[in-house]
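Trainee: The structure that follows is given in the form of structure tokens.
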Amino acid sequence: MSEMNKYQKITDCQTQIINDFQHLGEWTERYGYLVDLGRRLDKSFTGQKSENNRLYGCQASVWIDSSCDDKGVLHFDGTSDSLIVAGLMALMFKVYSNRRPEEIIDCPPRFLHQTGLLENLSTQRANGLSLMYERIQEFATDCHTLSQ
């Protein structure tokens, strides 16, 4: 994911996403933005579509992979057969990839409420997004445990 977020705090990154969504206007534009993000994420996916990486409970097929480097920094990769879901995943990765586990664990995705995303997603997609966040938290907890 973006190298830029290594130099931004998670809160600043979330504020940037909130501002980007405010400038997009109508929800048709916002969904279009998510589809564009999803296309880019799908093209950059280098992980495995394996059962270990599969996220169950989502309407779409979703795969999330992570690695914890020797400095204890988490990196995320993933894809989905739904471009909107892949776009949501891209936003989550923008916020949480290239971060130390403590940063991830201590900072919930407030941008989901403040952009109106949660209120404008189907119940199934919102549930999938919640599961995605839980998986990111699990990866962070595991990386934190390993780096101690």
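Readers should treat all values here as calculations from the given coordinates under stated rules, not as data from a laboratory. All figures in this text were calculated on a predicted structure; none of them were measured in a lab. Don't worry about glycine lacking a Cβ; one is built from the backbone with ideal geometry, like all the others, and counts go over all protein chains shown.
Trainee: Could you work out how far apart the two model spin labels at residue 45 and residue 11 are, taking each label as a point 7 Å from the Cα in the direction of the beta carbon, and quote it in nm?
Mentor: 3.5 nm
Trainee: Please work out the FRET efficiency for the pair residue 123 and residue 36, using the Cβ-Cβ distance as r and a Förster radius of 22 Å; give the result to the nearest 0.05.
Mentor: Computed FRET efficiency for residue 123 and residue 36 comes out at 0.35.
Trainee: Pairing rule first: another cysteine's C-beta must sit under 4.7 Å. Under that rule, which cysteines of the chain stay single?
Mentor: Those would be 13, 58, 107, since no other cysteine Cβ in the chain comes under 4.7 Å of theirs.
Trainee: Loop only by DSSP, 15 or fewer other Cβ within 10 Å of the Cβ. Give me the trypsin sites (Lys or Arg not before Pro) in region 7-60 that pass, ordered by residue number.
Mentor: Answer in residue order: 9, 49.
Trainee: Which one, 145, 80, 11, projects farthest toward the positive side of the charge dipole computed for the chain from Cβ point charges (K/R +1, D/E -1)?
Mentor: The residue sitting farthest along the positive end of the dipole is 80.
Trainee: Hey, another quick one. Measure of size requested: the Rg and Dmax of region 42-96, with Cα atoms as the atom set and Å as the unit; please supply both.
Mentor: Using the Cα atoms of region 42-96, the pair Rg, Dmax is 11.2, 35 Å.
Trainee: Related question: Counting just the Cα atoms, what span does the chain cover along each of its three principal axes? Round to the nearest Å and put the largest first.
Mentor: If we take the Cα atoms of the chain, the spans are 46, 33, 25 Å.
Trainee: Any chance you could run the full-extension gain for residue 141 through residue 110? It's 0.36 nm times the residue separation minus the Cα-Cα distance, nm to one decimal.
Mentor: Value of the extension gain: 9.2 nm.
Trainee: Mean residue ellipticity at 222 nm from the helices of the chain, using -39,500 (n - 2.57) per DSSP H segment of n ≥ 4 over the full residue count, to the nearest 500 deg cm²/dmol?
Mentor: For the chain, the value works out to -17000 deg cm²/dmol.
Trainee: OK, next. If you look for lysine pairs in region 4-146 that are eight or more places apart or on different chains, how many of them have Cα atoms under 22 Å apart?
Mentor: Going through region 4-146 pair by pair, I get 8.
Trainee: Here is a further query. By how many degrees, 0 to 90 and rounded to 10, does the Cα axis of helix 123-146 deviate from the longest principal axis of the chain?
Mentor: 20 degrees
Trainee: On a 0 to 90° scale, report how tilted helix 83-96 is relative to the longest principal axis of the chain, with both axes built from alpha carbons and the result rounded to the nearest 10.
Mentor: 50 degrees
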